[in-house]
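J.: Take a look at the following structure, please.
No lab work stands behind these numbers, since they all come straight from the coordinates. The shown structure was predicted, so the numbers you read here are calculated from the model rather than taken from an experiment. Please note: Cβ atoms are built from the backbone with ideal geometry, for glycine as well, and neighbour counts cover all protein chains shown.
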C-alpha cells in the first residue's frame with residue numbers, strides 16, 4: 001500500500017466509529033504503520049529469506065553478485081552498520097548481518113566471557129536476533145520520522161514539489177531490515193534440542209541458520225585445535241531438524257548453511273554405522289586411522305571394523321576418541337559438502353586455516369563436479385593474520401616465478417619495515433580483491449567477517465583511553481570522536497535522536513495534541529548539532 005492508501009484506510013476505520021474516534025489522526029496512524037511494517041519475527045524471516053533466495057539466484061547468474069556481512073554482538077552495532085551502509089551506498093542490497101556464536105559466548109553470556117565451546121546459554125542466541133531486529137526496526141522508524149517531519153515543513157511552506165518528492169520517497173522507502181545468518185553452533189545438544197532452538201531463532205527473525213558438523217559437547221572454535229566431527233547421519237538429523245523448524249513455522253524458503261570443520265578436525269567420537277560397502281557410513285569410516293588385527297587375543301575392549309576383507313582396529317586415544325588419517329581433511333570436506341547439499345543444505349561453509357583462494361577452489365571444483373550450483377559462505381576470519389598470509393603468498397609466487405626475493409625474510413614479513421615495499425603493496429591489492437576474486441574462482445556467494453566489531457570496539461576504546469586519560473584529556477574525545485562524528489556526518493552525534501527521543505515527541509503530539517510536553521524544544525542541546 002502507498003502512503004496515501006494507508007491514510008485512506010485509516011480514515012475509513014476512524015470514520016466508521018460515528019465520531020468516537022475523531023481524536024485519532026488518520027495520517028498519524030499511517031505513519032506509525034509504515035514505521036512498524038514488521039509485526040513479528042516470522043514476518044522478518046519470510047521477508048529476508050526471499051531476499052537471500054533472490055541474491056543466490058543473482059549470484060548463479062553472475063558471481064560478481066556476491067554478498068557480504070559483518071558480525072555483530074549488540075543491536076546497536078548492527079543498527080549503526082546498516083545506517084552507515086545506507087548513508088554511503090544508498091541501498092542495503094547484498095549486505096547482511098552475521099550473528100557469531102563466538103561473540104555471543106565472549107560477550108553475551110551470564111557466565112561472563114567464555115570460549116567458543118557452546119557453553120553459553122543457548123537462549124542468548126535468539127535473544128540477540130530479536131535485539132538486532134528491534135534496533136533495525138527502530139532505525140526505520142527514526143529515518144521515516146525525519147522524512148515525515150520534512151514533509152510537514154514542505155507543506156507548511158507551500159512547497160508542493162518537495163512534498164510530492166517526499167511522498168514518493170516514503171513510498172519507495174528501503175528498510176534497514178536485512179537477512180541475518182545466525183550461528184546455531186553444533187546444535188546445542190541432540191536433534192530435538194537443535195529443532196527447539198532453531199524454532200526460537202526463526203521466530204526471532206532468522207532466515208538463515210548455520211550449523212557445523214562438530215560434536216555438540218566437544219565443540220571448539222573452528223580456528224582452534226581439538227575439533228571432533230560426527231558421522232554424516234548424525235549431522236544430517238540436525239540439518240533435517242532445522243528444515244522441519246522452518247517448514248513448521250511457514251518459512252518455506254529458509255536457508256540452511258552447513259559448515260564442515262573437517263579440514264582441521266582430526267578426531268571423531270563415533271564409528272559411523274554402515275549397512276553395506278560404499279554407503280555414507282562406510283565412506284566416513286574409510287578415513288579412520290586403523291591398524292590390522294592379526295591376533296584377536298590382544299584386543300581389550302577395542303572396536304574393530306572390516307576393510308577390504310581385513311579386520312582393522314581404529315586407533316583410539318586415551319580421550320576415547322578415534323583419529324583420522326593425516327592428510328584426509330580436504331577429502332572429508334568434499335564428502336561433507338556433497339552429502340549436505342544432497343540432503344537439504346542450501347549453502348556450504350568450509351572452515352579453513354588460512355585465506356587462500358586456490359585451496360578453497362580446489363575443494364569447490366570437486367564439489368561442483370557433483371553439485372554444479374554449490375555455493376559457499378566464507379569466513380574472512382580475524383583469526384587469520386591477513387597481512388602475513390598474503391605477503392607470504394606473494395613471496396612464494398615470486399619465488400616460483402624466479403623473481404629476486406633477497407631483500408625479504410619470509411618469516412618476518414609482518415614487520416612494518418616491509419610496509420612500503422612492492423611485495424607488501426601487491427599483497428594489499430590481493431587482500432583488497434580477495435572477496436571478488438574468490439567469488440569468481442572459488443564459488444563464494446557470501447563473504448563475512450565473524451568478529452569485526454569485537455576488534456573495532458577494543459581498538460577505538462584503547463585509542464580513546466590513551467588520549468583522554470593522557471595529556472590530551474577532553475581534547476582526546478572532542479578531536480578524535482565528536483569532531484569526527486560531525487565532520488563525517490555520523491548520525492549518532494545526535495544521540496538523543498538516535499535513541500528515539502524525536503519519535504517519542506511525535507507520539508506525544510499524536511496522543512495529546514497541543515498539550516504535549518516535548519523534549520525537542522529550543523533548549524534541547526542537540527540543536528547545537530543542527531548544522
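J.: Run through the DSSP bridge list for the chain and note the antiparallel percent, rounded to the nearest 5.
T.: Details: 11 of 41 bridges.
Restricted to the chain, the bridges split so that about 25 percent are antiparallel.
J.: Hey, rough spin-label estimate for residue 522 and residue 311, points 7 angstrom out along Cα→Cβ, what's it come to in nanometres?
T.: 9.8
J.: Does anyone have the angle between helix 452-468 and the longest principal axis of the chain? Alpha-carbon axes, 0 to 90°, nearest 10?
T.: Around 60 degrees separate the two axes.
J.: With no solvent and one equal point scatterer placed on each C-alpha of segment 340-493, evaluate the Debye formula and give log10 I(q)/I(0) for q = 0.08, 0.17 Å⁻¹, two decimals.
T.: Cα-only, vacuum Debye calculation for segment 340-493: -0.38, -1.04.
J.: Turning to a different aspect of this structure: With a 10 Å radius around each residue's Cβ, average the other Cβ atoms per peptide and rank 339-346, 89-96, 153-160, highest first. Numbers along the way, then the final one.
T.: Details: 339-346: 19.6, 89-96: 15.1, 153-160: 11.8.
Descending packing order for the listed peptides: 339-346, 89-96, 153-160.
J.: Given that just one value was derived from the coordinates, which of (1) 23.0; (2) 26.5; (3) 24.6 is Kirkwood radius over Cα pairs in Å?
T.: (2)
J.: With label points built 7 Å along Cα→Cβ from the Cα atoms of residue 326 and residue 168, find their separation and express it in nm.
T.: Placing both labels 7 Å beyond Cα along the Cβ direction yields 6.8 nm.
J.: Give, in nm to one decimal, the length gained when the segment between residue 18 and residue 149 is fully stretched (0.36 nm per residue of separation minus the Cα-Cα distance).
T.: Working: separation 131, 0.36 × 131 = 47.16 nm, distance 3.00 nm.
Using 0.36 nm per residue and subtracting the Cα-Cα distance, I get 44.2 nm.
J.: How much length would be gained if the chain were fully extended between residue 217 and residue 156, taking 0.36 nm per residue of separation minus their Cα-Cα distance, in nm to one decimal?
T.: Details: separation 61, 0.36 × 61 = 21.96 nm, distance 6.41 nm.
Gain on extension, residue 217 to residue 156, equals 15.6 nm.
J.: Roughly how compact is segment 426-529, stated as its Cα Rg over 2.2 N^0.38 Å to two decimals?
T.: Details: Rg = 21.6 Å, N = 104, 2.2 N^0.38 = 12.8 Å.
For segment 426-529, the normalised Cα radius of gyration comes out at 1.68.
J.: Tell me the angle of helix 329-341 to the major Cα principal axis of the chain, expressed in degrees between 0 and 90 and rounded to the nearest ten.
T.: 50
J.: What ranking, highest mean first, results for peptides 10-20, 368-378 when packing means the other Cβ atoms within 10 Å averaged over each residue? Intermediate results must be reported in sequence, preceding the final value.
T.: Details: 10-20: 11.8, 368-378: 17.5.
The peptides rank, most packed first, as 368-378, 10-20.
J.: Note the angle between two axes, namely the Cα long axis of helix 191-204 and the longest principal axis of the Cα atoms of the chain, as a number of degrees from 0 to 90, rounded to the nearest 10.
T.: 20
J.: Now for a different question. Which order do peptides 448-459, 109-120 fall in by mean Cβ count within 10 Å, highest first? Present the calculation step by step, with values, prior to reporting the outcome.
T.: Details: 448-459: 16.8, 109-120: 15.3.
Ranked by mean Cβ neighbours within 10 Å, highest first: 448-459, 109-120.
J.: Shape of segment 371-410 from its Cα gyration tensor (a ≥ b ≥ c, root eigenvalues): rounded if a/c is under 1.5, otherwise prolate when a/b > b/c, or oblate? Before the final figure, lay out each step's value.
T.: Numbers: a/c = 7.24, a/b = 1.83, b/c = 3.95.
Oblate, since a/c reaches 1.5 and b/c is not below a/b.
J.: Give me the log10 of I(q) over I(0) for segment 269-394 at q = 0.17 Å⁻¹, as the Debye formula computes it from C-alpha points; what are the numbers?
T.: -0.99
J.: Which length gain, in nm to one decimal place, applies between residue 370 and residue 412 when the Cα-Cα distance is subtracted from 0.36 nm times their residue separation?
T.: 11.0 nm
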